[in-house]
C-alpha cells in the first residue's frame with residue numbers, strides 16, 4: 001500500500017513538473033527567453049517572435065502585442081521586413097490608445113529610417129510624432145530616448161549647438177537613473193544609453209571645435225566601455241580616438257585606432273560611421289604619401305554612397321581629393337566619373353541640407369565645376385552632352401539661388417509689415433469691420449454679444465484648447481446662430497479665422513514683449529494659444545501672417561542681435 005502511495009506521489013509530482021514547464025514555456029516570459037539574447041538581425045528568432053505575437057493577438061494584450069512587433073523589427077535582417085513590422089507596431093499601438101506605446105511605435109519606425117537606411121527627413125517626421133505622444137506620459141526614459149534621436153538628426157543637419165544640448169540632457173538623465181536603479185538589466189540599458197549620448201557629444205564637440213571637451217569624453221568612454229558587454233560602444237569611442245589622433249597629427253596612432261574600431265562597426269552594418277573611418281584612413285595615407293592606400297579607402301567611401309545613397313557632409317572632400325589625383329594623372333575618364341559622383345553627392349545633400357548648401361558651394365563652388373568642365377571638354381571625350389549637362393546644372397543652381405534670395409526678401413518684407421501692424425495695435429480682430437455690413441440681428445442682441453465678446457477677448461478666452469462656436473456661444477449665454485452672424489457681419493470674418501487671428505496676435509505680442517518666449521519650441525507656442533498640434537498652429541500662423549512661425553522667429557532673433565542704432 002505504501003509503495004503504491006509513493007508511486008502515485010512521484011507520478012503526480014513529475015506530471016505537475018512537466019505541466020509547469022510547458023506552461024512557463026508558453027508564457028510571454030518563456031517565449032521571449034528563447035530569443036531575447038540572440039544578436040540583432042538574427043532571423044532565427046523570428047519563429048519565436050511570431051509565436052509571441054500570436055499569443056498577444058489572441059489575448060488582445062496590446063502591450064505584449066506591440067512588444068512582439070518591436071521584436072520583429074529588431075530581429076529582421078531585411079529593411080523592408082523591419083519596416084513592415086514597424087508599421088504593424090504603430091497600427092496596434094494606435095488601437096491601444098496608450099500614449100506610451102504609440103510614442104515607442106513611432107520612435108521605432110524613425111530609428112529604422114535613421115539607422116538602417118539613413119533617411120533623416122522621414123526619421124525626423126516619426127520622431128516628432130513620437131515626441132507629441134511621449135509628452136503625454138511620465139516616462140522619463142522614453143522622453144529622453146526621443147530627445148536623443150532628435151539630437152542625432154540635428155547633428156546630421158549641422159545644428160551642433162542644439163544637438164549637443166540634447167545629448168548632454170540625455171547623459172545627465174541616464175547617469176542619474178543608473179545611481180538609483182538596482183535591477184541589473186535596467187542598469188545595463190541606462191549604461192548603453194549613456195555611452196550613446198557620450199559618443200554623440202564627442203562628435204558634436206569636435207564639430208564645434210571644443211576639442212578638450214571631446215577628448216575628455218572619449219577617454220572616459222573608452223575606459224568605461226572596456227567590457228565584453230559593450231564592444232560596439234567601445235568601437236565607437238575607438239573611432240573617435242582615431243579621429244582625435246588624426247587631428248593631432250599622430251597619424252600612426254590614428255590608423256591604429258581607426259582600424260581597430262572598424263570590425264565591430266561593420267558587423268553592426270553601420271555603413272555611415274564605416275564610411276567616416278574610410279575617409280580618415282584615406283586622408284592619413286594621403287598625408288603619409290601612400291596614395292594607393294588612400295585611394296583604396298576613398299573608393300570604399302564612394303562604394304557606400306553608391307549602394308546606400310548616403311554620405312555625411314564632412315567626408316564629401318573625398319571626391320575633391322580623387323578628382324585632384326586623377327586630374328594630375330591625366331586620367332580624364334576617372335576624373336569625369338568622380339566629378340559626376342560629386343555632383344550627385346551635392347544634389348543629395350542640397351535636398352536634405354538647406355542649412356549646409358551655401359557652405360558646400362563655397363567649398364567646391366560653381367566656378368570650379370565650370371573650370372573642370374572646360375578641361376574635360378578639351379579631351380574630346382565628352383563633347384556636346386557634357387557641355388549641355390553643365391549648362392543645365394548652372395541654370396538650376398542659379399535658379400535655386402535666385403528663388404532662395406527672393407524667398408528671404410519676401411519673408412523679411414512680410415515680417416516688417418507684420419511688426420508695423422503690431423506697433424499700430426492691429427494684430428487682434430477686436431474692432432468692428434470698417435466695411436459697413438447689413439445684419440439681421442436686433443440691436444439689443446448686437447450690443448449684448450459685443451460686450452461679452454470684448455470681455456472674452458480681454459480675458460484671453462480664445463486660448464482654450466478645443467474651442468468651438470457652439471461652446472463659445474453657450475459660454476456667452478447666446479446661441480451659435482447669433483454669434484456666427486455677429487462675427488461674420490461685424491468682425492467681417494468667419495469664426496475659425498476670428499479665433500486664429502486672436503491667437504496669432506497674442507503669440508506675436510508675447511514674442512515681441514517676452515524674451516523668454518522666443519526660446520519656446522513651435523509646439524509649446526501652439527499649446528500656449530490653444531493648438532494641440534504643431535502643424536495646425538504653423539498653418540494658422542501662415543494663414544494669418546503670410547509667413548511660418550519658424551521664419552518669424554528667425555527674423556526676430558536677427559532683429560534682437562542687430563538692434564537699430566539710435
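Taken together, the values in this text are just the output of simple stated rules run on the coordinates, not laboratory data. All figures in this text were calculated on a predicted structure; none of them were measured in a lab. Glycine gets a Cβ as well: all are built from the backbone with ideal geometry, and neighbour counts include every protein chain shown.
Note down the relative contact order for segment 496-544 as a percent, whole number, built from C-alpha pairs under 8 angstrom at least six residues apart.
Relative contact order for segment 496-544 comes out at 42 percent.
Need one word for segment 107-245: rounded, prolate or oblate. Basis is the Cα gyration tensor (sqrt eigenvalues a ≥ b ≥ c); a/c below 1.5 gives rounded, then a/b vs b/c decides.
Oblate is the answer for segment 107-245, as a/c is 1.5 or above yet b/c matches or exceeds a/b.
Can you sort 273, 65, 286 by how many other beta carbons sit within 10 Å, fewest first?
Ranking 273, 65, 286 by Cβ neighbours within 10 Å, fewest first, gives 286, 273, 65.
With 25 Å as the cut-off, how large is the P(r) tail for segment 441-561, expressed as percent of Cα-Cα pairs?
Everything past 25 Å amounts to 29 percent.
Please compute the Cα-Cα pair-distance distribution of segment 270-321 with 5 Å bins starting at 0, giving whole percents from short to long.
Histogram of Cα-Cα distances, whole percents per bin: 5, 25, 36, 22, 10, 3.
For segment 242-277 and segment 319-349, write down the distance between their C-alpha centroids in whole Å.
24 Å
Which of rounded, prolate, oblate describes segment 22-137, given a ≥ b ≥ c as roots of the alpha-carbon gyration tensor eigenvalues and a/c under 1.5 marking rounded, otherwise prolate only if a/b is larger than b/c?
Oblate shape, in that a/c is at least 1.5 and b/c is the bigger or equal ratio.
If packing is taken as the average number of other Cβ atoms within 10 Å across a peptide's residues, how do 188-200, 232-244 rank, most packed first?
Ranking the peptides 188-200, 232-244 by packing returns 232-244, 188-200.
Sorted by packing (mean other beta-carbon atoms within 10 Å per residue), highest first, where do 27-38, 89-100 land?
89-100, 27-38
Alpha carbon centre of segment 164-182 versus segment 83-142: separation in Å?
If we compute the Cα centre of each part, the gap is 21 Å.
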